[in-house]
1. Could you please find all residues in the range 156-172 being assigned to a helix (DSSP H, G or I) and farther than 13 Å from S116 by Cβ?
2. List, please: which pairs have Cβ atoms under 7 Å, are six or more places apart or on different chains, and start with a residue in the range 208-231 that is within 15 Å of F103 (Cα to Cα) and modelled with pLDDT of 85 or more and end with one that is open to solvent by less than 90 Å² (accessible area, probe 1.4 Å) and of a type in the set (S, T, N, Q)?
3. Of the numbered conditions (1) closer than 30 Å to I101 by Cβ; (2) open to solvent by 40 Å² or more (accessible area, probe 1.4 Å); (3) not basic (K, R), I176 fails exactly one; give the number of that condition.
4. Among (1) within 21 Å of Y214 (Cα to Cα); (2) within 12 Å of the chain's Cα centre (by Cα); (3) among the hydrophobic types (A, V, I, L, M, F, W, C); (4) open to solvent by 10 Å² or more (accessible area, probe 1.4 Å), where does I78 come up short?
5. Name the residue that is nearest to F120 (Cα to Cα), counting only residues in the range 44-87 that are at pLDDT 90 or above and basic (K, R).
6. Under 22 Å from the mean Cα position of the chain (by Cα) and either surrounded by 12 or more Cβ atoms within 10 Å (Cβ to Cβ) or of a type outside the set (F, W, Y) (or both) - does that describe any residue in the range 186-199?
7. Out of S47, S105, S32, S66, which single residue is assigned to a loop (DSSP other than H, G, I, E, B) and open to solvent by less than 70 Å² (accessible area, probe 1.4 Å)?
8. Which ones in the range 109-141 are loosely packed, with under 15 Cβ neighbours inside 10 Å and either in a helix (DSSP H, G or I) or β-branched (V, I, T) (or both)?
Amino acid sequence: MEVKSYQSQAESLLKEYILADPLVPYTSIVGSIFACKMVYDLAQLISAVHFKSYSSFSNIQRVEWSNRAISTVHAIFITAMSLYFVFWSDLFLDNQLASLITFRSSFLSTFTLGVSVGYFLADLGMIIWFYPALGGMEYVIHHLLSIAATACAMLTREAQFYTYMVLISETTTPGINLRWYLDKAGMKRSRAYLINGILMFLAWLVVRILFFMYIFYHIYLHVDQQKHLIVL
């Protein structure tokens with residue numbers, strides 16, 4: 001009985017305080033930062049055991065190796081969630097008349113954007129701390145813009161649909177990171193490296209070029225709703 005009582009109290013605390021609607025963004029951001037730290041530590045531990053070339057890396061190469069593990073995990077997560085919200089979720093269906101598509105949001109959509117903001121903050125912190133080893137000023141600017149755009153959609157609960165459409169572009173990140181891993185592992189002339197290059201080209205073509213054309217077309221079809229967003 002005592003265990004059930006503690007469990008009930010914990011669930012109540014979780015719902016009323018930690019996951020209360022106004023605190024959802026902040027809970028997800030903090031949780032995401034801690035998750036990034038966990039992935040970083042696990043990447044170091046697993047790599048040291050299972051990758052022979054890892055021991056010959058310099059300290060900064062080991063940092064980048066684990067840093068790319070974080071970005072890969074985030075990319076897989078946010079791509080899956082973005083595809084769900086854009087193509088499968090009922091939240092942003094055109095036949096829903098509850099509200100304009102630019103003002104629709106949910107607990108899950110807001111929480112997921114918070115996870116992305118937390119990742120960008122953690123990654124930006126590492127870029128600045130090890131600057132310029134993990135990337136130059138262009139990386140800093142890219143992350144600042146990403147944080148601003150994603151946080152705005154998260155906090156205002158506006159334009160989340162289009163934010164998720166843009167975040168689908170993270171599909172290309174795992175391929176880029178895998179290419180770096182293969183290079184550092186001495187597999188630049190392997191078949192895996194060649195296949196990775198082909199898949200990267202196709203992913204960039206579909207996600208970064210053709211799909212962005214679809215985004216602009218979707219904005220054009222819903223230009224009346226964009227005007228409401230701009231006015232507000």
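The values are calculated or read from the model by the stated rules, or taken from the named source; none is laboratory data. It should be emphasised that the depicted structure is a prediction, and the values quoted were computed from it without experimental measurement. Ideal geometry is used to build each Cβ from the backbone, glycine not excepted, and the neighbour counts take in all protein chains shown. For the accessible areas, the whole protein counts, side chains as well, though only heavy atoms, and no ligand, DNA or RNA atoms are used. Shrake-Rupley method; radii C 1.70, N 1.55, O 1.52, S 1.80 Å.
1. The first filter runs over the range 156-172 and keeps only residues assigned to a helix (DSSP H, G or I), leaving 156, 160-172.
Scanning the range 156-172 gives T156, F161, Y162, M165, T171, T172.
2. Going by the 7 Å Cβ cut-off, the qualifying pairs are I219/Q226.
3. Answer for I176: the failing condition is (1).
4. Only one criterion in (1) within 21 Å of Y214 (Cα to Cα); (2) within 12 Å of the chain's Cα centre (by Cα); (3) among the hydrophobic types (A, V, I, L, M, F, W, C); (4) open to solvent by 10 Å² or more (accessible area, probe 1.4 Å) is unmet by I78, namely (4).
5. R68
6. The initial filter retains those residues of the range 186-199 that are under 22 Å from the mean Cα position of the chain (by Cα), namely 196, 199.
With the extra rule that they be either surrounded by 12 or more Cβ atoms within 10 Å (Cβ to Cβ) or of a type outside the set (F, W, Y) (or both), the set shrinks to 196, 199.
Yes; the residues of the range 186-199 include at least one that is under 22 Å from the mean Cα position of the chain (by Cα) and either surrounded by 12 or more Cβ atoms within 10 Å (Cβ to Cβ) or of a type outside the set (F, W, Y) (or both).
7. Working: S47 fails: assigned to a loop (DSSP other than H, G, I, E, B); S32 fails: assigned to a loop (DSSP other than H, G, I, E, B); S66 fails: assigned to a loop (DSSP other than H, G, I, E, B).
Going through S47, S105, S32, S66 in turn, the sole match is S105.
8. G125, I128, W129, M137, E138, I141
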